[in-house]
Ligand SMILES: NC(=O)c1ccc[n+]([C@@H]2O[C@H](COP(=O)([O-])OP(=O)(O)OC[C@H]3O[C@@H](n4cnc5c(N)ncnc54)[C@H](O)[C@@H]3O)[C@@H](O)[C@H]2O)c1
């Protein structure tokens, strides 16, 4: 029961890694704010948590929209009056070379994948007690990548650098900031990726389950990780090590 009565806000909580993370927090006693664009999937996560005897709310949110982010934070605070754990998981990709990308397409990916991280941290931190933790979901793409996904790659690289900087700012508050960088994980985002479908991005080595990444996120969010701060944990079944 590492998260007993802890308030855990998870973006992208309606599917894949975010959903598995919500369910694990709830299994370990956490009260979960499921933040997602998709109301059917988000409500489904809440229903599964409640069915198992847990406590959760759904906040329908496009994390690319600052007003909706404020509403998600306000809704969580109204319910429980604090935030102990923030997981920034929601993200999107585009599949075009740089020369064909519009400014709007670039801006949208940065807004959803990175500006949301800045805003959620900015708005949550004043309500996080000592012992709080932030975990951002990055990607092995921040370290090694393929063509035609540059906005996504740039957003994930920025997320990891941002976490290092924010960890220093939050040291006095005793709030830790880390990232998990998953490899290939069995979720809709992986199998809907056109580069994966076409074979341009080869899925070499093991494919993880969402629960494998949730375990790492929960570890970094838990008190046992108290000396792990400002870093990125690669969780990829050794994918980055394969030549
Ligand atoms: N699946 C993989 O192989 C893989 C690998 C590396 C990193 N990741 C990262 O893991 C994270 C989760 O991905 P997943 O594979 O679980 O995907 P997924 O598609 O299963 O889930 C993503 C969730 O995010 C939500 N979402 C998307 N855009 C949103 C927005 N603008 N506002 C609010 N919610 C939004 C979706 O509705 C969905 O519920 C992402 O940050 C992704 O970059 C995934």
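Every number here is computed from the coordinates shown, using simple stated rules; none is lab data. Bear in mind the structure is a predicted one, so any value in this text is a computation, not a measurement. Cβ: placed from backbone, ideal geometry, glycine included. Neighbour counts: every protein chain shown.
Normalised by residue number, the volume inside the convex hull of the Cα atoms of the chain is 116 Å³ per residue. A helix-only calculation puts the chain at -12500 deg cm²/dmol for mean residue ellipticity at 222 nm, using -39500 (n - 2.57) for each DSSP H run of at least four residues, averaged over all residues. Counting only alpha carbon atoms, the long axis of helix 210-221 and the longest principal axis of the chain meet at about 50°.
In what sequence, highest mean first, do 179-189, 8-18 appear when ranked by Cβ atoms within 10 angstrom? Spell out each step's value before the answer.
On the way: 179-189: 20.9, 8-18: 28.6.
In descending order of packing, they fall as 8-18, 179-189.
In terms of overall dimensions, the C-alpha atoms belonging to region 38-159 reach 49, 32, 27 Å along their principal axes, ordered largest to smallest. The convex hull drawn around the Cα atoms of region 124-194, when projected onto a plane and averaged over every direction, covers 5.7 nm².
Work out, step by step, the length gained on full extension between residue 100 and residue 171: first 0.36 nm times the residue separation, then minus their alpha carbon distance; give nm to one decimal. Let's see the in-between values first.
Details: separation 71, 0.36 × 71 = 25.56 nm, distance 4.17 nm.
Gain on extension, residue 100 to residue 171, equals 21.4 nm.
Once both axes come from the Cα atoms, what is the angle between helix 16-27 and the longest principal axis of the chain, in degrees from 0 to 90, rounded to 10? Computed tilt is about 20 degrees.
In the chain, the longest principal axis of the Cα atoms and the axis of helix 66-80 are about 30 degrees apart.
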